[in-house]
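A short worksheet on the structure shown next.
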Amino acid sequence: MEFLKTVRRRSFLSEVIYVGLNIALAVAVVVLIRVTESPWPAVGLVLLSKWRVFAVRPRYWFVNVQSNLVDFIVSVSFVVFMYTSYANLISSGQRLFIMVVLTLLYVGWLLFLKPRSKRSYMVAQGGAALFLGVAALYLLSYNLPMTVVVLTMWLIGYTTARHILSSYSEETHILFMSQLWAITLAEIGWLAYHWTVGYSLLGIDGVIFPRVALTVLCIGFITLKCYDAYYHQKKIRRNDIILPIIFTFGIIVVLPLILNAIGISVPVGI
């Protein structure tokens, strides 16, 4: 009985330490951005927090890096959002509100979504990395060469597809299909580099949301529904994808037309 009590105490203590370290990481990212007024120290801290990736024999490094890329993409995306929100010319009250919201969302990712391993959670993790990664990339794209943007989109596509497909235990073509999605995203990235638009988030000037992030998330949603239907039924029925297609068409095409019709100016683009 004493042994069981000791194990429970250690388990509770390790949980407290785990929660505390993750909250400390999110807070430290905010502090570094405020103190240094640069995103790079915060990115360095995120990299440092991944030390366990390399705490194994070198032959496992590549596998560990691939397994942690989704978390890295999400973490760096939050760093970009925090930095751009802090650097933009907005009021101190708005800046504080945005930083608090982003910190809470990052803590939620670290504590509640990232550790889960069920398929539904892994799909959510991949979707979060896709949406946040693309949004963060296009917030910086005006300062980046087109080649960097396209290659980063390829990496985001490969990483998110591989992460989601790995939750399907009987799938034997993960690498091939991940490459297909990566190439698709790279092509969208090339087009969006020349023809993308952004929306002012929550009506706050200087806080921009790139529409391409929502576009690729919707396309990814349809792709996943098609794949899931074929995986389970060996065919894709119309009823399996009609609602996702209507939803996506409404988000990408119909919604901007409605907003323009009622007097809210929405630029045309991806």
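The values are calculated or read from the model by the stated rules, or taken from the named source; none is laboratory data. Not measured: the values here are computed from a predicted model. Neighbour counts are summed over all protein chains in view; Cβ atoms, including those assigned to glycine, are modelled from backbone coordinates with ideal geometry.
Restrict the check to the range 226-233 and report whether at least one residue is under 19 Å from L130 (Cα atoms), at pLDDT below 85, out of contact with any Lys or Arg (no Cβ under 9 Å at 6 or more places or on another chain) and not aromatic (F, W, Y). Looking through the range 226-233, none of the residues is under 19 Å from L130 (Cα atoms), at pLDDT below 85, out of contact with any Lys or Arg (no Cβ under 9 Å at 6 or more places or on another chain) and not aromatic (F, W, Y). The condition of being in a helix (DSSP H, G or I) and either touching a Phe, Trp or Tyr at 6+ places or on another chain (Cβ under 9 Å) or modelled with pLDDT of 90 or more (or both) does not hold for F62.
Can you name every residue in the range 143-169 that is part of a helix (DSSP H, G or I), aliphatic (A, V, I, L, M) and either more than 17 Å from the chain's Cα centre (by Cα) or assigned by TED's automatic domain parsing to the domain that holds Q66 (or both)? Correct list: M146, V148. Considering the conditions (1) of a type outside the set (A, V, I, L, M, F, W, C); (2) in the same structural domain as G189 (by TED's automatic domain parsing); (3) part of a helix (DSSP H, G or I); (4) without any contact (Cβ under 8 Å) to a residue 24 or more places away in the chain, T172 is excluded by exactly one of them, (3). A residue that is surrounded by fewer than 13 Cβ atoms within 10 Å (Cβ to Cβ) and either in contact (Cβ under 8 Å) with a residue 40 or more places away in the chain or part of a helix (DSSP H, G or I) (or both) occurs somewhere in the range 81-89. Would you confirm whether or not the range 146-167 contains a residue that is more than 21 Å from L214 (Cα to Cα), at pLDDT below 95, surrounded by fewer than 20 Cβ atoms within 10 Å (Cβ to Cβ) and in contact with a helix residue (DSSP H, G or I) (Cβ under 7 Å, 6 or more places away or on another chain)? Checked against the condition, which is being more than 21 Å from L214 (Cα to Cα), at pLDDT below 95, surrounded by fewer than 20 Cβ atoms within 10 Å (Cβ to Cβ) and in contact with a helix residue (DSSP H, G or I) (Cβ under 7 Å, 6 or more places away or on another chain), the range 146-167 yields at least one hit. If you check T196 against the conditions, is it under 25 Å from T223 (Cβ atoms), at pLDDT below 90 and surrounded by 15 or more Cβ atoms within 10 Å (Cβ to Cβ)? It is true that T196 is under 25 Å from T223 (Cβ atoms), at pLDDT below 90 and surrounded by 15 or more Cβ atoms within 10 Å (Cβ to Cβ).
S92 meets the stated requirement of being surrounded by fewer than 21 Cβ atoms within 10 Å (Cβ to Cβ) and not assigned by TED's automatic domain parsing to the domain that holds T160.
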